[in-house]
Amino acid sequence: NRGEIAIRIFRAGTELGIRTVAIYSKEDIGSVHRYKADESYLVGASNTPVGAYLDYEEIVRIAKENDVDAIHPGYGFLSENVHFA
């Protein structure tokens, strides 16, 4: 249920007038969360679905390349990764 949390965050961002950016794995190309964000980018194309969302180095690269100001780590996955924090 990865997308549900992202959709809630994007809704809040929209209400606050904040641009939202999603990442998605190749398996999630059709996921709703990708279309609820203002922009979306493929992450971890050569990884498994879980591996893609754990690839914090690529996530940070995408964020920097696209002028992203903040990253919400969700629950679990990145929020528990000391190297990402």
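The values are calculated or read from the model by the stated rules, or taken from the named source; none is laboratory data. On a predicted model such as this, the values are computed, not experimentally measured, just so you know. Just so you know, the surface numbers come from the protein's heavy atoms only, side chains and all, with ligands and any DNA or RNA stripped out. Shrake-Rupley method; radii C 1.70, N 1.55, O 1.52, S 1.80 Å.
Let me check something: with ligands and nucleic acids excluded, how do Phe77, Phe10, Phe84 order by accessible area (1.4 Å probe), largest to smallest?
Numbers: Phe77 90, Phe10 20, Phe84 40 Å².
Greatest to least solvent exposure: Phe77, Phe84, Phe10.
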Worksheet item: Which value, in Å², gives the accessible area per residue of the chain when a 1.4 Å probe is used on the protein heavy atoms?
Response: 66 Å²
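Considering all alpha-carbon pairs of the chain, what whole percent are spaced by more than 19 angstrom?
On the way: 1146 of 3570 pairs.
Of all Cα-Cα distances in the chain, 32 percent exceed 19 Å.
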Discussion item. At 1.4 Å probe size, what's the solvent-accessible area of Glu65? Round to the nearest 10 Å².
Written reply: 120 Å²
Worksheet entry | Asp67 accessible area, assembled protein chains, probe 1.4 Å, Å² | 120 Å²
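Once neighbouring chains are kept in place and the probe is 1.4 Å, which whole percent of the accessible area of the chain is contributed by carbon and sulfur? Spell out each step's value before the answer.
Working: 2980 of 5600 Å².
For the chain, the apolar C and S fraction of the accessible surface comes to 53 percent.
Restricting to Cα pairs below 8 Å that are 6+ residues apart, what does the relative contact order work out to for segment 1-59? Please round to a whole percent. Walk me through the numbers on the way to the answer.
On the way: 76 pairs, mean separation 17.9, N = 59.
Relative contact order of segment 1-59: 30 percent.
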